[in-house]
1. Rounded to whole Hz and in sequence order, give me ³J(HN,Hα) for segment 61-68 from the Karplus expression 6.51 cos²θ - 1.76 cosθ + 1.60, θ = phi - 60°, writing x for Gly and Pro.
2. Once the Cα gyration tensor of the chain is diagonalised, what are the square roots of 5 times its eigenvalues, in whole Å and ordered largest first, as equivalent ellipsoid semi-axes?
3. ³J(HN,Hα) across segment 12-18 via Karplus (A = 6.51, B = -1.76, C = 1.60, θ = phi - 60°), whole Hz, x for Gly/Pro?
4. Picking from 44, 54, 18, which is most flexible by a Gaussian network model of the chain using Cα springs under 10 Å?
5. Using the Karplus curve 6.51 cos²θ - 1.76 cosθ + 1.60 with θ = phi - 60°, work out ³J(HN,Hα) for each residue of segment 27-32 in order, rounded to whole Hz, and write x for Gly and Pro.
Amino acid sequence: MQNVGTPDRIVRVAVGVILVALPFLAALSGWAFWVSLVLGIVLIGTAAFSFCPIYAMLGLSSRRKPQA
């Protein structure tokens, strides 16, 4: 079941790429390096699969309803 719409996916990919690149560009170290890297990978993954487990637990969806 997909629950992440296109605009949401675009934002997730953009923020995810920034968070993955940030530790290397800003020379982050320690926990900040890992938090940024893992969060960025999670955002890119949820965008790739159009599924967010948190949205599912809360019963939310950013996908448009099909037009009848």
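Throughout, read-outs are computed from the coordinates displayed, never taken from laboratory work. Keep in mind it's a predicted model, so treat the numbers as computed, not measured.
1. 7, 9, 7, 6, 6, x, 6, 8
2. 28, 12, 7
3. The phi angles translate into 4, 5, 4, 5, x, 5, 4 Hz.
4. Between 44, 54, 18, it is 54 that shows the largest mean-square fluctuation.
5. With the stated coefficients, segment 27-32 comes to 6, 6, 9, x, 5, 4 Hz.
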